[in-house]
Amino acid sequence: MPDYIDWFVNREKQYQGFQKMLAGETPKTVMLVEAPPDMGKTWLIQRVRHHCAEHGLPAMHVDFRDRRPHDYLSLVRLARDQMGAEYFNPLTAAINTFTSVNVRISSGGEGGGVNVTASQGASAQIGGDVAGRDLIKDNQFYIQADSEMARRAAEIQINDAFFACLAKLVEVKGRAVFLIDSYEDVISEADRWLKDYLLARVPTGQLAKVIMIIGGRKAPDLGPEMKEHVARTGLDLFNEDHVKEYIVDRRKITDLDLSTVFKTSGGQPGLLAKMADVAALDTEKDEDWL
């Protein structure tokens, strides 16, 4: 894992909150971390991600700064691939059913219903638990539908398959974790999936063993039904002791005036990290090429 895991400083309150969520010591399962730029939101999320990797906890991580055009389909695929595709074979089968080049999804006639026709190879059984058997490969196509109604029908069935698989995964692993970074950069389609599909299942108890951490310069607006499930937190500036711990104990830089560093950085983690990066540079390299 990256070095910054070893540089983790002064976000223990939030990290311990995550530990309590994992242990079931609190009814809170969603942590909203709202703070200005360069305050260590990504640092915290990566620390949690590292914990999940160390302890074999399935985790999905997305950073909306990547500017990818995320929608529900890309997000369920990302979660599947990061959490363990072998547990999501029914999801992949459902996706392939609705994205096969031999599939036609069309609005019904006068009744306004939706008709789905697929090639025999695409109409895989999606109801059973096939984790541990042969992995079903995703054809990586897009939904093919001739109306919004038909597209919506495919969306609902694919998401139903995803959350059924997630429930099976949690039965096996005990917990699952969603890590959302840079929420301020989320696009509308991704935000709709987060709110209408993922977060909407929290008050119903369907995701009682699923932990979510959402970090950003702003946090999502959630209704009153989420109050008992959500912990909101900010991130404080470093004090002088934190600066010393980071510069000397973590970064192993001993030739800086820590008081000056503290005053110059203002205790802002991002600026402090940049100052440490500059100080760590070896500026007296031998010019062997001369």
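Read-outs throughout are calculated quantities, based only on the coordinates presented, and are distinct from any laboratory measurement. Here the structure is a predicted model, which means the values were calculated and not measured. Every residue, glycine as well, gets a Cβ built from its backbone with ideal geometry; the counts of neighbours run over all protein chains shown.
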Could you state the per residue volume, in Å³, of the convex hull enclosing the Cα atoms of the range 240-279? 55 Å³
For residue 189 paired with residue 20, estimate the spin-label separation in nm (one decimal), with each label point 7 Å from Cα along the Cα-to-Cβ line. 3.9 nm
Exposure-ranked with fewest Cβ neighbours within 10 Å first, 99, 26, 254 stand as 254, 26, 99
Treat the count of other C-beta atoms within 10 Å as a stand-in for reagent exposure and order 33, 177, 230 from fewest to most. 230, 177, 33
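Say the cut-off is 24 Å between C-alpha atoms; which of 13/227; 195/227; 218/252; 41/173; 20/252; 20/227 go over it? Mind dumping the intermediate values first?
Numbers: 13/227 20 Å; 195/227 14 Å; 218/252 34 Å; 41/173 26 Å; 20/252 31 Å; 20/227 17 Å.
As for pairs spanning more than 24 Å Cα to Cα, those are 218/252; 41/173; 20/252.
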Among 274, 252, which comes first, then next, by fewest other beta-carbon atoms within 10 Å? 252, 274
